[in-house]
Amino acid sequence: ISPALLGLSDNNISAIDVDGDDLWVGTWNGGLVRYSLSNKEAKVFRAGGKSLTPNSVRSIEITSDRVWVGSYRKLSVYSKVDSSWKIIPEFSGADSTRIETIKAIDDTLYIGTLGRGLWRLKNNSWERLNTGPLPGDFINCLENIGSLLYIGTMNLGVVSLDIETGFFSAFDRINPGVEARNITMLLAQGMDTLWIGTYGRGLYRWQEKSNQIMHYSKSFGQIADDWVLSGVKTERALYFGTFGGGISFIFLNSDKWQRIGLNQGLPSLDISVLTYLPAPAGYLFAGTLGGGVVELNEALLNEN
């Protein structure tokens with residue numbers, strides 16, 4: 001799905017999410033587009049009072065009636081009801097900051113920033129969440145398992161937040177096996193397993209029940225690169241996008257890692273974001289740096 005087809009001037013994809021027939025795609029410096037998968041029509045939101053400004057999109061989170069978009073200097077929300085944009089004042093103006101990640105859990109929204117820590121929107125009220133030094137000022141990614149929100153930071157490793165009690169805990173207190181401090185990706189697999197992607201230290205799998213850590217790296221011959229930028233779980237496999245190694249994936253009932261690279265049709269080996277449209281479609285969408293968006297029919301993958 002080329003940038004020209006999407007109507008974008010930037011082929012560096014920074015955020016992506018799917019909402020039924022609509023694929024929402026954000027770029028580093030070329031705005032945001034809503035692309036209809038069925039009729040191949042693109043609606044670009046780039047400038048103007050009824051659109052999205054600035055153009056540097058970093059994160060997209062879709063709920064039942066809204067699309068939340070985080071950028072370098074603003075948090076914007078799009079209403080599906082009346083197709084209107086609204087700028088959230090708590091994250092604009094003098095308090096503007098880089099919105100790095102957004103996570104909706106039931107009726108609560110969590111915002112991770114680079115510079116202003118973790119925020120929560122609950123009962124129409126914004127609140128910054130912190131207890132002492134945790135979770136720090138620099139949040140890269142968020143993931144939810146049960147009553148816990150796992151927080152990937154740039155300099156403090158993984159931090160967990162008990163949503164019910166508000167208690168923060170460093171992951172090192174549970175298991176010190178993750179040596180990396182710069183956490184770039186968190187992905188839940190069921191209620192017992194958390195995958196932890198790092199910037200330069202590979203990929204970890206933590207199983208809560210046994211409290212075991214498994215480390216996967218390029219040097220071990222499992223994943224294609226140790227800079228893990230993104231991940232997604234589908235009905236058949238787990239996929240991880242890397243910075244320089246394409247996509248590394250493993251089927252759910254397998255211990256054999258496989259790769260998708262230039263020979264399989266990727267236009268770029270830098271995979272910044274991944275998302276999935278479940279069956280009956282069964283399509284994986286990968287946002288790349290330099291090559292636009294790639295659509296993969298998962299049914300074409302052979303487990304043998």
query = How many of the residues in segment 1-32 are under 16 Å from Leu284 (Cα atoms) and open to solvent by 20 Å² or more (accessible area, probe 1.4 Å)?
reply = 8
ask   = Going by the structure shown, is Leu284 open to solvent by less than 30 Å² (accessible area, probe 1.4 Å), under 13 Å from Ile16 (Cβ atoms) and not aromatic (Phe, Trp, Tyr)?
value = yes
Single match in Ser272, Ser248 (criterion: open to solvent by less than 40 Å² (accessible area, probe 1.4 Å) and either aromatic (Phe, Trp, Tyr) or without any contact (Cβ under 8 Å) to a residue 60 or more places away in the chain (or both)) = Ser248
request  = Determine whether Arg66 is charged (D, E, K, R), out of contact with any helix residue (DSSP H, G or I) (no Cβ under 9 Å at 6 or more places or on another chain) and open to solvent by 10 Å² or more (accessible area, probe 1.4 Å).
outcome  = yes
ask   = Given segment 223-291, what strands (runs of 3 or more DSSP E) lie entirely inside it while holding 1 or more residues that are basic (Lys, Arg) and in contact with a strand residue (DSSP E or B) (Cβ under 7 Å, 6 or more places away or on another chain)?
value = 228-233, 257-260
query = When you scan segment 110-221 for strands (runs of 3 or more DSSP E) that lie fully inside it, which ones turn up with 1 or more residues that are closer than 24 Å to Ala15 by Cα?
reply = 118-122, 125-129, 139-145, 148-153, 158-162, 183-189, 193-198, 203-207
Matching residues, segment 161-188, being touching a Gly at 6+ places or on another chain (Cβ under 9 Å) and open to solvent by less than 40 Å² (accessible area, probe 1.4 Å) = Phe168, Ala170, Phe171, Val178, Ala180, Ile183, Thr184, Met185, Leu186, Leu187
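The values are calculated or read from the model by the stated rules, or taken from the named source; none is laboratory data. Treat the numbers as computed from the prediction; the structure is a model and nothing was measured. For neighbour counting, all protein chains shown are included, and Cβ atoms are generated from backbone atoms with ideal geometry for every residue, glycine included. Ligands, DNA and RNA are excluded from the accessible area calculation, which covers all protein heavy atoms including side chains. Shrake-Rupley method; radii C 1.70, N 1.55, O 1.52, S 1.80 Å.
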